[in-house]
Amino acid sequence: MGSALPNDIDHVLLTEEQISSKLEEMAAQIDADYAGKDLLLVGVLKGAVMVMADLSRKLQHTTVAMDWMAVSSYGSGTKSSGVVRILKDLDADLEGRHVLIVEDIIDSGLTLSWLMSNLRSRGCASLEVAAMLRKPDAMKVELDVKYIGYDIPNEFVVGYGLDYAEKYRTLPYVGTLAPHVYEN
Ligand code: PRP
């Protein structure tokens with residue numbers, strides 16, 4: 001990683017190396033759990049793009065297909081209300097498929113909660129979740145998430161797919177946003 005952080009980043013929470021080694025562990029577990037089975041990875045746009053790309057390339061043994069969904073939460077604030085609208089649905093038929101939802105972050109958990117019941121109703125053979133980050137202190141619903149990268153504090157984080165006003169997604173690490181960015 002370069003020496004100087006962008007001015008907008010307060011501190012690095014997870015380095016590129018920490019992310020990569022955690023994905024390595026998650027991939028090994030997924031490989032073991034789905035040995036001999038076909039797996040459909042479902043990425044949730046846009047934040048999950050980086051996790052999807054890196055995690056899927058670390059899978060060794062599993063026969064993997066990829067599909068994508070884009071969803072948007074209704075609500076007044078910037079965060080989920082739990083009422084979700086599908087902006088782009090899956091191309092794949094889930095009937096009889098082993099499906100793994102890939103997410104960058106579980107914040108309130110409301111998006112994922114909605115998504116899990118929506119996808120489950122499509123007749124999957126199995127449905128699990130792999131999420132790189134989870135904020136336990138922000139969660140509003142109980143969720144059964146099989147593969148978790150890191151639990152992080154309830155701070156405003158960006159990078160590795162996570163944005164603020166569509167910026168910072170391409171940072172290779174996860175960092176906290178300096179307050180001056182969002183207090184203006
Ligand atoms: C983020 C993230 C999850 C959701 C988590 O997406 O990718 O899908 O929020 O929040 P929740 O647990 O409170 O429901 P966002 O709506 O910011 O869209 P993006 O992925 O396009 O940035």
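The values are calculated or read from the model by the stated rules, or taken from the named source; none is laboratory data. Just so we're clear, the structure is a prediction, and the values are computed from it rather than from any experiment. Cβ placement follows ideal geometry from the backbone for every residue including glycine, while neighbour counts extend to all protein chains displayed.
Mind checking which residues of the stretch 153-171 are buried (at least 17 other Cβ atoms within 10 Å of the Cβ) and more than 15 Å from the chain's Cα centre (by Cα)?
Answer for the stretch 153-171, where residues must be buried (at least 17 other Cβ atoms within 10 Å of the Cβ) and more than 15 Å from the chain's Cα centre (by Cα): Tyr168, Leu171.
Against the definition (hydroxyl-bearing (Ser, Thr, Tyr), in contact (Cβ under 8 Å) with a residue 60 or more places away in the chain and over 14 Å from Val102 (Cβ atoms)), how does Thr15 come out, yes or no?
On the way: hydroxyl-bearing (Ser, Thr, Tyr): yes; in contact (Cβ under 8 Å) with a residue 60 or more places away in the chain: yes; over 14 Å from Val102 (Cβ atoms): yes.
Yes; evaluated as a whole, the condition is true for this residue.
Identify the single condition in (1) touching a Ser or Thr at 6+ places or on another chain (Cβ under 7 Å); (2) within 14 Å of Leu41 (Cα to Cα); (3) of a type in the set (Lys, Arg) that Arg97 does not satisfy, given that it satisfies every other one.
Going through (1) touching a Ser or Thr at 6+ places or on another chain (Cβ under 7 Å); (2) within 14 Å of Leu41 (Cα to Cα); (3) of a type in the set (Lys, Arg) one by one, Arg97 breaks only (1).
Taking Val99 as the residue in question, decide whether it is in a strand (DSSP E or B) and within 8 Å of the ligand (Cβ to nearest atom). Outline the logic, then answer.
On the way: in a strand (DSSP E or B): yes; within 8 Å of the ligand (Cβ to nearest atom): no.
No.
Which residues, counting only those in the stretch 59-95, are closer than 19 Å to Val129 by Cβ, part of a loop (DSSP other than H, G, I, E, B) and at pLDDT 95 or above?
Selection gives Leu59, Asp89, Leu90, Ala92, Leu94.
In the stretch 115-130, what residues are without any contact (Cβ under 8 Å) to a residue 40 or more places away in the chain and within 12 Å of the ligand (Cβ to nearest atom)?
Answer for the stretch 115-130, where residues must be without any contact (Cβ under 8 Å) to a residue 40 or more places away in the chain and within 12 Å of the ligand (Cβ to nearest atom): Met116, Val129.
Return the residues of the stretch 102-112 that are of a type outside the set (Val, Ile, Thr) and assigned to a strand (DSSP E or B); say none if nothing qualifies. Before you say what the answer is, go through the steps one by one.
To start, the set of residues in the stretch 102-112 that are of a type outside the set (Val, Ile, Thr) comprises 103-104, 107-110, 112.
Residues satisfying the conditions are Glu103, Asp104.
For Asp144, only one of the following conditions fails: (1) more than 10 Å from the ligand (Cβ to nearest atom); (2) closer than 13 Å to Leu41 by Cα. What is its number?
(2)
Give just the number: which of (1) near the ligand (Cβ under 10 Å from one of its atoms); (2) of a type outside the set (A, V, I, L, M); (3) surrounded by fewer than 18 Cβ atoms within 10 Å (Cβ to Cβ) does Asp104 not satisfy?
So the condition that Asp104 fails would be (3).
Only residues in the stretch 152-167 that are within 19 Å of Ala53 (Cβ to Cβ) count as the first member; pair them with residues that are more than 11 Å from the ligand (Cβ to nearest atom) and part of a loop (DSSP other than H, G, I, E, B), Cβ under 7 angstrom, at least 6 apart or cross-chain, and list the lot.
Val158/Leu171; Gly159/Leu171; Gly159/Tyr173; Tyr160/Leu171; Tyr160/Pro172; Tyr160/Tyr173
So which strands (runs of 3 or more DSSP E) stay within the stretch 113-180 end to end and still have 3 or more residues that are of a type in the set (A, V, I, L, M, F, W, C) and modelled with pLDDT of 95 or more? Show your work before the answer.
Working: elements: 126-134, 147-151, 174-177.
Those strands (runs of 3 or more DSSP E) span 126-134.
Can you name every residue in the stretch 28-69 that is over 17 Å from the mean Cα position of the chain (by Cα), surrounded by 15 or more Cβ atoms within 10 Å (Cβ to Cβ) and β-branched (Val, Ile, Thr)?
Across the stretch 28-69, the qualifying residues are Thr62, Val64.
What pairs come up if the first residue lies in the stretch 49-66 and is over 14 Å from Asp33 (Cα atoms), the second is acidic (Asp, Glu) and surrounded by 18 or more Cβ atoms within 10 Å (Cβ to Cβ), and their beta carbons are under 8 Å apart, counting only those six or more places apart or on different chains?
Taking only residues 6 or more apart or on different chains, the pairs are Met50/Asp104; Val51/Glu103; Val51/Asp104.
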